[in-house]
Every structure is written in structure tokens, then in C-alpha cells.
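Everything on this sheet refers to the single structure shown next.
The values are calculated or read from the model by the stated rules, or taken from the named source; none is laboratory data. Predicted model only: the values in this text are computed from it and were never measured. With ideal geometry, Cβ positions are generated from the backbone for all residues, glycine too; neighbour counts draw on all protein chains shown. Calculation scope for accessible area: heavy atoms of the full protein, side chains included, ligands and nucleic acids excluded. Shrake-Rupley method; radii C 1.70, N 1.55, O 1.52, S 1.80 Å.
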Amino acid sequence: MAIAYILIILMILCAVSVVFFKDLLNAVIALAAVSLIASVLFFLLQAPDVAMAEAAIGAALTTAIFIVAVKKTKRYENEKIS
Amino acid sequence: MIFYIGSFALVLTGLYIAAAKKNLIKIIMGLSLVDTGVNLFLISIGYIKGGTAPIFSNAAIPGKTMVDPVPQAMVLTAIVIGLAVTALALSLVIKAYYHYGTLNVRKIKELKW
Amino acid sequence: MVVSPVLLIAVPLLLAFIAPLCGKAAKYIPPAGALFNLILSVILIPTVLKSPMIVSIGGFPPPFCINLFVGPLGIFFAALISLAGFLISIYALSYIRERAVGKYHTLYLLLLTGATGVVLTGDIFNLFVFYEILCISSYALTAHNAHWHRHGTEAAVKYLIQGSVGSAFILLAIGMLYGFFGTLNMADLAKHIARAHSSVLFIPLTFFIAGFGVEAAIFPLNAWLPDAHSVSPAPISAIFSGIAIEIGVYAIMRVVFTLFGAPLSVMSVLLIVGLLTLLVGEICAFRQNNIKRMSAYSSIGQIGLIVFAFGLATKSGITAGLFQITSHALSKILLFLTIGYMIYSIRMKNYPDKYVTEIEINSLNGLGKKMPLTSLGFAIAAFSLIGFPPFIGFSSKLLIVKAALLKGGIYAVLMGIALIATVIEGAYFLKVVQGIYFRKGEVEGIKENNVFILVPFFILAALIIFAGIYPGILTKILNSSSGELLNRIGYIGRLPG
Amino acid sequence: MRKLVSIILLGALAFGLVQAVKKIPFGVQKTKVGKYYVERGIEDTGSSNIVTSVVLNYRGFDTLGEVTILFAGAIALGAVLFTGKKRIEREVYPASPILSTACKFLFPLILLFGAYIFIHGHLTPGGGFQGGAIAASALLLIFLGCPGRKTDGRKTRLMESLGGIIFVLAGLLGLAYGGFFLFNFLPKGTVNNLFSAGIIPVLYIVIGFKVASEIAGILDNLFGETE
């Protein structure tokens, strides 16, 4: 399962980058990447049902909701930059 | 084992974001990360080495080597719960922004924390 | 023929799904659902007292499917929830008349259903699911009228963040237990846990207490409560203080006693936490100027007392704790409802356009003459919370003192500290009652005339006094309930196979 | 300061987690309930996807709760975003014709795919939740690609409620016929046929519609502009 190691390291990197991105849109995309990689991991763990749900709900719809929320509020974490 | 480590890394990162960040949307993102991490943890508990997905696409597959279906059912539930909570949280954040004009939790504190 | 207890959950759910289709008539649905539940649970009480009912769902033998465990404890809580829910929903018929009314009633009914599900289920993951229903509807109800009410929004955001972290902990703990023992049924889990080495169990138990502790508002985890309880509309404050936090306590107790067999170390920690919660709550309440915030902090104090009583881990202690839950639910609901009506009347006179849910204590001065029935209800509730005879609060506090003294030694000393907190509680409530009756205020032109609001006051006050004079009517079911919590072997033994 | 404290707390938490997880071996058969489901699942429920049979039959009550949670979430979101005013019709900037044509072309296909997934929930991976979410993402595509289109709030609400009502009624029918709530009272049929597994496909189709309309309602509420 060498691929699992690579994916998990990638996933952790994406998760950590959510902490550091100042632009919330970037952070949302990183979050979506985490969800997407998680759904691949679910598939590797022999859970196709969950992988499907995570891809459709976690990666697609949650991201869309986040983007709408960011669009309706402020885009940058530090609010002085507008 | 690496799956456990990965899932805990997600949970801890998410909790760190929720505890240390000031931006409300960031905090909600942290909660979402925690959810994903917990889900990954549950699925890895149910995994069996060399197991197949619990679907009898043909009757010849031996049931013994199948991974545990219960965590998968639990995670399906948890994902949907996560969606509901995230959507509700973001709608509240939008309203908070409408009222206070900021997303900074340090500035939204008319009530004492 | 015996009716199936699953209807206690299924029928309110059905009604909740129907409610959005009813338009204006939606407000009659919560009273109907709660009344149905009340009648059904009262009918079931004699059967359940004879022997607990195990109801399988889906028709498979219990460890393999979800089952309801309807014991005395569950049915007692179900009856309490539906009684409180019924009275509050009658009150809400005319109290909630602004804006998103239909959605309010649907969410309210879902909250009641979630609470009922938590107390009846016998499966740990199912408990989590119903707990989430309860939480999600609470978050939304805190922010009722979010568009006009900025404090409500703020409180709801705080509540949601802390609540969802708590839920994540619960789910982690459930996952660990499943990893250890491979089952989710609580009786089955308890059987395995009884045999397992205790070092494995420490982390899941901590996570459970931390997770449910958020809803129960025990000491370090109660930052959300004063905000959420004080800024939400009065019926919601009442159901939160009267039911929701008690459900958190129930969940902790179910996990600690039934699943983990109440290890002594954990019980001592809970005892101390309860005492701390009590002191912190009462001291903070004493310093408040805002009447609803004061009552919210008083709820924290009362929860502390309840956890303290459970922490004694004796039969008399648990019975006393359950009695205190009943007494707190009835009294605090009456308190919040009367306060809500006072605030509503004052608001309608002074600023009819604004959406106000909170008010300073001074504004209530002199209301005793203008709103005699409401003020009387407030006084009864306050006296009952302080623990004056002949109200129900007196009997419950007496039981707790007796239980602590029975255990003796250090517990009696701790009880002394708890009594000091009660004195503080007496001080601030008496101050308010004195203000209402004996001070002069600008309250011209306020009167009380709404029957739907006054009837729940009468019923609650009557129950408080009646149960205070005859505490015996409750002891039978409470005794078997505490027996159910302590008798872990019996709980496990109910599992067929 | 706050960061430091949270890092220390999280370190303690990480230590605890590792301690607990050391006792849970990875990748080993360890559960009795799961084993029972895998061995007896087909016989008991007639569904060849064991996850589906767990979700809808063995643990169907959880799923009812789950559906309720999504319902509560949708209602709650509506209540929070409720402003009491009519939506203003904003000036709509039409998307480029390529984009909107592509969206309109893809929309029925994605909808069909979602429907396929929830109809075949008992045979192949997927089911009501996944299919419903996919169908909802088709609606999302329309919201994004063809601005100005919206769903009819009354119809989505009707569909949500009907879905829930049918689910509970199916449960009550089970109670009436078999004596157990959510009892699988329909004939199980031949395994691996579309018409098999009793109430499972019925419930999954209902859930699919319900989830799709709920998420569409959530998205519609979020996208909608007032004032």
C-alpha cells in the first residue's frame, strides 16, 4: 500500500495548508483536496459506498457551500486586506 | 497504522484551527477537518487486510474476507451529519457577518465569552 | 394489548415531517405530539415497572440490530420530556408569533423527539444520532429570528462550535469502543467492558464525559450556556434549562453507570466537578444584572448539584439526583416562562418594534401588582429552586442532604459546601422577588390576560406544590430508575442470547 | 499565547489517542457483529450490498435519524436565513452560451446518474444519500452555470416532507405486519435482481429524492439574495 502512504502525506500537507492560507478561497480548495484524498483512501480501505458519499457530499457540496459563504462575507482571513 | 496516524493528524489539525484561529469560517473549516478525520478513523477500524468490499457482486466471493460493514454505515451517517452541521454553521456565520460586519471572533463579543 | 414504545419516537417524527406542510396550523402540532407522548408514556409506566421492555427494530435479535431499552429510567425521562414539552408548547402557541413560526414549531418538535430518542435507545451509536438531532435543533432555536436578533446569532455560533467539537469526541469514543469490542449495543458493550482491562477504557470514558459534558454544561465546558439560555426566546430557554441539559446529564450517567460500571475514581472526579460547577454557577449568577442570564447561571448551579448527587454513586444519591432533575425541570421551566411573559409585556408596552428577549432585573420592579398571577408563579418557582418547603425543591434538596450524610465522612463536608452555594442562590432570588413585590417601578399599563400563557403556569405551580407535599408519588418510579442505573448486571442480562 | 496553550493541549490529546489506539490492531478481523452481517446479510435481507442492508435493515433506525438530521439542518438553515422579505430579483448577468449550454446538456445526464445510483443501492456501491447528493450537484451546476434559475421552494419542501412521511409510514407498516418497526415486510425476491430486498430499494429511492430536494433547498437558500 505504498500509494496509501503517499496519499496520506499529501492529505496531511493539504490539511496543514488550511491552517496557513490567508486567502479563504485557497483554504476551501485545500479542504476540498483533503476530502477528495480521503475519499480515495476510503476506496483503498474497501469502502466504495463511503468513498462515493465523501466525494459527492464532502468534496463537492460542502465546498460549494463554503464558497458561497466566503463570497457572502470576506475573502481574506486578515480583514484589513479586502 | 498509517491510516490511524493520518486520521489523527486531521483531527488534531482541525482542533488546532478551531482553538487558535480567529476567523469564523476558518473555525468551521477546522470542524469539517475534524469530521473527515474521525470518519477516516472509523473506516480504518473496520478494515481487514486483504479484505474485499462488502458487496456480493457475484455469489462466489467468500464472505469471510470482507471488511466490516458497520463502520461504513456509521460513517455514511456521520458524513450526512457533518453536511447538516456545516451548512447550518455557515448560515449562522453569514448572519453574524450581517450583524457585526466582521468574522473575527475577538470582535464579536458583546456577550462575554 | 401492549402498545409498542417505538411509537414514542415514530409518531412525533411523523408529525414533525408533516408540520412544514400545514402552514398556519403548524403551531398545533407540537402540543398534539407532546400530548400523545405524555399519554402513551403514562400508559406504559405500569408495564415497564414490572419489567423493562426490549423492543427490537427491524426484527433481528438484539445485538445485531438497534433495540430500544425502555426501563423505568427511560420512561420516566420520556414522561418528563413530554410533560414539559406539552406545557411549553401550549405557552408558545401565543408567545411565538413573529416571523419564522412554522420552522420554529418543527424544530421544537424535533428537539423533543431527539431528547426522547436519547433516553429510550439501547444502542450507543443510535444514542449519538438522536443526540445530534437534539443538538442541531437547539443550535437553530437559539438563533430563532437570527435576522433581527444579533445576540441570538452570536450565542448560536458559540454553542455550535463547542457542541460540534463535543460531538466529534463522542464519535471518536464510539469508534474506539467499536474497535475494542466490535459491537454497538449498550448491553453487549457493558458485558465486554466488564471483562476488559481498565487501562483500555480510560480514554473512551474521558471522551464520552467531555463530549456529553458540553451539552450538560459541567464546569469547564459551560461557556456557551449563559449566552444560549439567556438570549433565546422564553419557551426555548425553558426547554433548554428544563430538558436539554438534563439529557446531557442522562447521557453521561448512562455511559458511566451502565457501560463503564461507575469506577470509583471517575465518580469522585464527577463529584468534585459537580461541586465546582455548582459553586461557579451560583457565584456567577449572584453577580448578574440581567434576569435571564441570572437564571441561566442558576441552571449551571443546579446541574452541578445534580451531578454531585449522582457522583455519590449510592442508591439514595441517584434517587435524589433524579428527584432534583424533576424538581429543577418543573421549577426552572416555570421560572423562565414567567420571566418570558414579564419581558414580553414590558417590551410590548415600551418598544413594540424591537425584538427583545432579555431585560435588567430593575425593570421588573413593581410588577407584583400589575401581573399578580405571573409574579406569584415566579415567586413559587424561585422559592422551589432555593428549596423552601412546601415546594418540590425542598424535598429534592432534603433527599440529597440525606444521601450525602448517609455516605458520611468527607461527603458530608462536601455537602456543607454545596449548602453554602444554596444560600447564595437564595440571596439572589430573594432579591428579585423583593423587587417585584416591594419596589416601585414604571410599569403602568401592563396587564396579564392571555389564557394560553397562564394555564401552563397554573399546572406547573400545582405540580410543584403537590409533589412538594406528597413526594411519595415520585419515589416508586425514581427508586426503580436508580435501581436500573446501578443494576448493570440486570441491564446486561436483559440481552437475549 | 493562545496558540501555545492549544498546542500543549493537543499534544496531550495526541498522546491519549495513541495510547488508546495501540490496543486496536489495524487490519485484523475483530468484530462479531460485522461478521454476522457479512455471513447472514444476504439471507436476512436479500440485498447483495451488505452496507446497504446494514444501513437500511439492521440499523435502519439510525438512517431514519440521519434523514431527520438533514431535515432539521435544512429547516434550521431556512430559519436562520429567513428574512421575511421577498427575494429581490437581481440583475442577472447571463453566463457565456458555451457554459450554459454545457450545463444544460450535462444536467439531465448527472440527474440520471444520481437516479441510477440510488435505484441500484442494494446491488452496487452507493445508495440514497450518494445518489441524492449527486442529483443535488446537478442542480448546483444549474445554479452556477445558468444564473437566474432557481428551484421552487414549495415543491422541494413538499418532497422533503413526503420523503420523511413515507419512511416513517413504511416503518409503521412493518410494525403492523411483522410486529417490528421498520420490519422488512415485502418479499425479498431473488438476490441481485433489481426487484429484490423488500423495502430496501423503496426506502432508498425515497431517501434519494428527499436528500436531493433537501440539499437543493439548502443551496437555494444560500444562493438567494434578499434586500
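Just a few scattered comments:
- Test: residue in the range C:224-239 that is open to solvent by 10 Å² or more (accessible area, probe 1.4 Å) and in a helix (DSSP H, G or I): no
- Yes/no for C:Phe212 being open to solvent by less than 10 Å² (accessible area, probe 1.4 Å), closer than 16 Å to C:Ile174 by Cα and within 15 Å of the chain's Cα centre (by Cα): yes
- Hits in the range C:148-158 - residues which are open to solvent by less than 10 Å² (accessible area, probe 1.4 Å) and either within 7 Å of another protein chain (Cβ to nearest Cβ) or under 14 Å from B:Ser91 (Cβ atoms) (or both): C:Gly152, C:Thr153, C:Glu154, C:Ala155, C:Ala156
- C:Ala92 satisfies every condition listed in (1) crowded, with 22+ Cβ neighbours inside 10 Å; (2) modelled with pLDDT of 90 or more except (2).
Per-residue answers, yes or no, for (1) of a type in the set (A, V, I, L, M, F, W, C); (2) within 12 Å of another protein chain (Cβ to nearest Cβ):
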residue: D:Thr68; (1), (2): no, yes
residue: D:Ile98; (1), (2): yes, no
residue: D:Pro108; (1), (2): no, no
residue: D:Phe113; (1), (2): yes, yes
residue: D:His120; (1), (2): no, yes
residue: D:Gly128; (1), (2): no, yes
residue: D:Gly131; (1), (2): no, yes
residue: D:Ala136; (1), (2): yes, yes
residue: D:Gly145; (1), (2): no, no
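- Any hit, the range D:197-205, residues being over 18 Å from the mean Cα position of the chain (by Cα) and not in a helix (DSSP H, G or I): yes
- Count - residues of the range D:172-196 that are open to solvent by 70 Å² or more (accessible area, probe 1.4 Å) and in a helix (DSSP H, G or I): 3
- Taking the range C:156-200 as the range and being within 21 Å of the chain's Cα centre (by Cα) and closer than 16 Å to C:Phe260 by Cα as the test, only C:Ile170 passes.
- Within the set D:Ser47, D:Ser53, the sole residue that is outside any helix (DSSP H, G or I), open to solvent by less than 10 Å² (accessible area, probe 1.4 Å), among the hydroxyl-bearing types (Ser, Thr, Tyr) and in contact (Cβ under 8 Å) with a residue 24 or more places away in the chain turns out to be D:Ser47.
- Considering (1) out of contact with any Cys (no Cβ under 9 Å at 6 or more places or on another chain); (2) assigned to a helix (DSSP H, G or I); (3) within 12 Å of chain D (Cβ to nearest Cβ); (4) of a type in the set (Gly, Ala, Ser), the lone condition that C:Ala194 does not fulfil carries the number (3).
Residues are listed down the side, and each one gets a yes or a no for (1) outside any helix (DSSP H, G or I); (2) open to solvent by 10 Å² or more (accessible area, probe 1.4 Å); (3) closer than 19 Å to A:Ala59 by Cβ:
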site	(1), (2), (3)
B:Tyr4	no, no, no
B:Phe8	no, yes, no
B:Leu12	no, yes, no
B:Ile25	no, no, yes
B:Met29	no, no, yes
B:Leu42	no, no, yes
B:Leu76	no, no, yes
B:Leu92	no, no, no
B:Ala96	no, no, no
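- Candidates are the residues of the range C:355-371 that are more than 30 Å from the chain's Cα centre (by Cα) and open to solvent by 40 Å² or more (accessible area, probe 1.4 Å); the one that is nearest to C:Thr142 (Cα to Cα) is C:Lys370.
- The range C:10-63, residues that are under 23 Å from the mean Cα position of the chain (by Cα) and of a type in the set (Gly, Ala, Ser): C:Ala10, C:Ala16, C:Ala32, C:Gly33, C:Ala34, C:Ser41
- Residue, nearest to C:Ala296 (Cα to Cα), within the range C:408-454, restricted to residues that are open to solvent by less than 70 Å² (accessible area, probe 1.4 Å) and of a type in the set (D, E, K, R): C:Glu425
- Residue ID - farthest from the other protein chains (Cβ to nearest Cβ), chosen from residues in the range B:14-23 that are within 14 Å of the chain's Cα centre (by Cα) and open to solvent by less than 10 Å² (accessible area, probe 1.4 Å): B:Gly14
- Close contacts from the range D:9-23, counting a first residue that is more than 7 Å from every other protein chain (Cβ to nearest Cβ) and a second that is loosely packed, with under 11 Cβ neighbours inside 10 Å and of a type outside the set (Val, Ile, Thr), with Cβ to Cβ under 6 Å and a gap of 6+ residues or different chains, come to none at all.
- Search result, residues across the range C:164-191 that are open to solvent by 20 Å² or more (accessible area, probe 1.4 Å) and closer than 16 Å to B:Asp68 by Cβ: C:Phe180, C:Phe181
- Scope the range D:49-66; condition within 7 Å of another protein chain (Cβ to nearest Cβ) and more than 20 Å from C:Thr121 (Cα to Cα); matching residues: D:Asn49, D:Ile50, D:Val51
- Matching residues, the range D:56-86, being of a type in the set (Gly, Ala, Ser), closer than 30 Å to C:Ala155 by Cβ and buried (at least 24 other Cβ atoms within 10 Å of the Cβ): D:Gly65, D:Ala72, D:Gly73, D:Ala74, D:Ala76, D:Ala79
- Scan of the range C:22-69 for residues that are of a type in the set (Phe, Trp, Tyr), farther than 30 Å from D:Asn57 by Cβ and either in contact with a strand residue (DSSP E or B) (Cβ under 8 Å, 6 or more places away or on another chain) or free of Cβ contacts under 8 Å to residues at least 24 places away in the same chain (or both), ordered by number: none
- Scope the range C:375-396; condition of a type in the set (Gly, Ala, Ser) and either open to solvent by 20 Å² or more (accessible area, probe 1.4 Å) or in a helix (DSSP H, G or I) (or both); matching residues: C:Ser375, C:Gly377, C:Ala379, C:Ala381, C:Ala382, C:Ser384, C:Gly393, C:Ser395, C:Ser396
- Pairing each residue of the range B:69-93 that is facing chain D (nearest Cβ under 8 Å) with any residue that is of a type in the set (Lys, Arg), provided the two are 6+ apart or on different chains, yields C-beta distances under 6 Å for B:Ala73/D:Arg59.
- Taking the numbered list (1) in contact (Cβ under 8 Å) with a residue 24 or more places away in the chain; (2) part of a helix (DSSP H, G or I); (3) surrounded by fewer than 19 Cβ atoms within 10 Å (Cβ to Cβ) in turn, D:Leu139 passes all entries but (3).
- Selection within the range C:461-485 - surrounded by 15 or more Cβ atoms within 10 Å (Cβ to Cβ) and not in a helix (DSSP H, G or I): C:Pro471
Every residue, every condition in (1) farther than 19 Å from C:Phe458 by Cβ; (2) of a type in the set (A, V, I, L, M, F, W, C); (3) modelled with pLDDT of 90 or more; (4) touching a Ser or Thr at 6+ places or on another chain (Cβ under 8 Å), yes or no:
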site	(1), (2), (3), (4)
C:Ile333	no, yes, yes, yes
C:Phe336	no, yes, yes, yes
C:Gly340	no, no, no, yes
C:Ile343	yes, yes, no, yes
C:Arg347	yes, no, no, no
C:Pro352	yes, no, no, no
C:Thr374	no, no, no, yes
C:Ser395	yes, no, no, yes
